[in-house]
Amino acid sequence: TLKTDARGEVKTNLGIDKRYTFKADKPGFEPNQMDFSTVGLFNVNTPVRIPLEKLSKFDMKGIVFNAGSKQPMKNVKVSLQDQTSGRKEEITTDPGGNFHFDLEPNHDYLVNAESVKCGISSKDTTTRGLEGSATLVMNLPLYCKGDTIKIENIYYDLDRWNIRPDAAIELDKLYAILVEYPTMKIELRSHTDSRAPD
């Protein structure tokens, strides 16, 4: 085992008519290796170049918070399912609702935040196509029983039944929440006005 100098070089003597494998590694870089043969060579200085690529490091951080009050939630179980390798990891949020996971390059993930009182929030993410190093931010809102989901007023034109474009925007917000939380039960309230006869 040898260490390179300031120019990244080492020198060593090799046997005649031999085959070698040189392996190079350095913290923060992907290890690499090169094969070299002295078969047919005699008293020749031949450099063996071993390129090292910087190691990609990916991680994820986020906060689990109550979607109604916007307050962070402590002691919530957060799981990371590696969809590529099948590996699963679980942690619990700290008092600030924070969680952190290390990620692998070119992997797909499913993140779940689960609370007995508040159900489950899930999101997909991936490190595919990412280069260098990156921290993915994944904040997970949880709706709890009794939370109020406020949408703006839904208005109808006089004597009409159809949903107006401005109302559709608000209903789409509610739809998105129900898709994300398929087991959620909600109560809707509405009333008519008194501007026209029956």
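The values are calculated or read from the model by the stated rules, or taken from the named source; none is laboratory data. All values derive from a computational prediction rather than experimental measurement. Neighbour counts are summed over all protein chains in view; Cβ atoms, including those assigned to glycine, are modelled from backbone coordinates with ideal geometry. The accessibility values were calculated without ligands, DNA or RNA, using every heavy atom of the protein model including side chains. Shrake-Rupley method; radii C 1.70, N 1.55, O 1.52, S 1.80 Å.
Among the residues that make up the stretch 158-176, is at least one of them under 36 Å from the mean Cα position of the chain (by Cα) and closer than 30 Å to residue 106 by Cβ? Looking for residues that are under 36 Å from the mean Cα position of the chain (by Cα) and closer than 30 Å to residue 106 by Cβ, one finds at least one in the stretch 158-176, hence yes. Quick check: anything in the stretch 78-90 closer than 15 Å to residue 139 by Cβ and either part of a loop (DSSP other than H, G, I, E, B) or modelled with pLDDT under 95 (or both)? Scanning the stretch 78-90 turns up no residue that is closer than 15 Å to residue 139 by Cβ and either part of a loop (DSSP other than H, G, I, E, B) or modelled with pLDDT under 95 (or both). All conditions in (1) within 30 Å of residue 58 (Cα to Cα); (2) part of a loop (DSSP other than H, G, I, E, B); (3) open to solvent by 50 Å² or more (accessible area, probe 1.4 Å) hold for residue 191, with the sole exception of (1).
If only residues of the stretch 156-177 that are open to solvent by less than 60 Å² (accessible area, probe 1.4 Å) and free of Cβ contacts under 8 Å to residues at least 12 places away in the same chain are counted, the one that is nearest to residue 120 (Cα to Cα) is 176.
Just need a number here: residues in the stretch 1-60 that are of a type in the set (S, T, N, Q), farther than 24 Å from residue 103 by Cα and part of a strand (DSSP E or B). Break it down into steps so the answer makes sense when it comes.
Initial filter on the stretch 1-60 (of a type in the set (S, T, N, Q)): 1, 4, 12-13, 21, 32-33, 37-38, 43, 45-46, 56.
Still in the list and also farther than 24 Å from residue 103 by Cα: 1, 4, 12-13, 21, 33, 37-38, 43, 45-46.
Okay, now just the ones that are also part of a strand (DSSP E or B), so 21, 33, 37.
Residues flagged as of a type in the set (S, T, N, Q), farther than 24 Å from residue 103 by Cα and part of a strand (DSSP E or B) within the stretch 1-60 amount to 3.
Filter the stretch 28-80 down to the residues that are more than 24 Å from residue 125 (Cβ to Cβ), β-branched (Val, Ile, Thr) and open to solvent by less than 80 Å² (accessible area, probe 1.4 Å) and list them by number. 38, 39, 46, 48, 50, listed by residue number.
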